[in-house]
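The values are calculated or read from the model by the stated rules, or taken from the named source; none is laboratory data. All values reported here derive from a predicted model rather than from experimental measurement. Here the Cβ positions follow ideal geometry from the backbone for every residue, glycine too, while neighbour counts run over all protein chains shown. For accessibility, only protein heavy atoms count, side chains too; no ligands or nucleic acids. Shrake-Rupley method; radii C 1.70, N 1.55, O 1.52, S 1.80 Å.
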Amino acid sequence: MSGHGNLVRMANRIGQFFEAYPDEQEALEGIANHIEKFWEPRMRRQLLDFLDAHPDGRSPGEESLRPLVFKAVSQHRVRLSPGN
């Protein structure tokens with residue numbers, strides 16, 4: 001497993017919490033907010049590197065991003081990029 005596996009798992013746990021929200025936009029915002037506030041820049045960069053390597057959020061032989069997490073990170077990519 002690459003170094004991204006643990007971050008993907010962590011992001012998916014965040015996503016599981018927000019999947020209970022009835023409003024998808026609120027859930028997407030919640031996921032992005034949590035990652036922006038609580039993940040250090042290095043972790044956010046690694047998650048974005050994972051998406052660069054796996055544009056659909058899926059990695060054969062590794063855990064894939066849950067659809068809601070994939071959508072949240074993709075939509076808020078600029079905001080989640082370190083230095084922004």
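Structural remarks
- Label zone (Tyr21, point 7 Å along Cα-to-C-beta; backbone nitrogen cut-off 15 Å) within the stretch 37-78: 37-38, 67-77.
- The chain - percent relative contact order, Cα under 8 Å, separation 6 or more: 42 percent
- Remark: the Cα gyration tensor places the chain in the oblate category, a/c being 1.5 or greater and a/b not exceeding b/c.
- Here Arg13 sits with roughly 140 square angstrom of accessible surface, probe radius 1.4 Å.
- Dipole moment magnitude, nearest 20 debye, the stretch 1-66 about Cα centre, only Lys, Arg, Asp, Glu C-beta charged: 320 debye
- Fraction of accessible area attributable to carbon and sulfur, the chain (%, probe 1.4 Å): 53 percent
- Accessible area per residue for the stretch 3-80 is 55 Å², calculated with a 1.4 Å probe on protein heavy atoms, without ligands, DNA or RNA.
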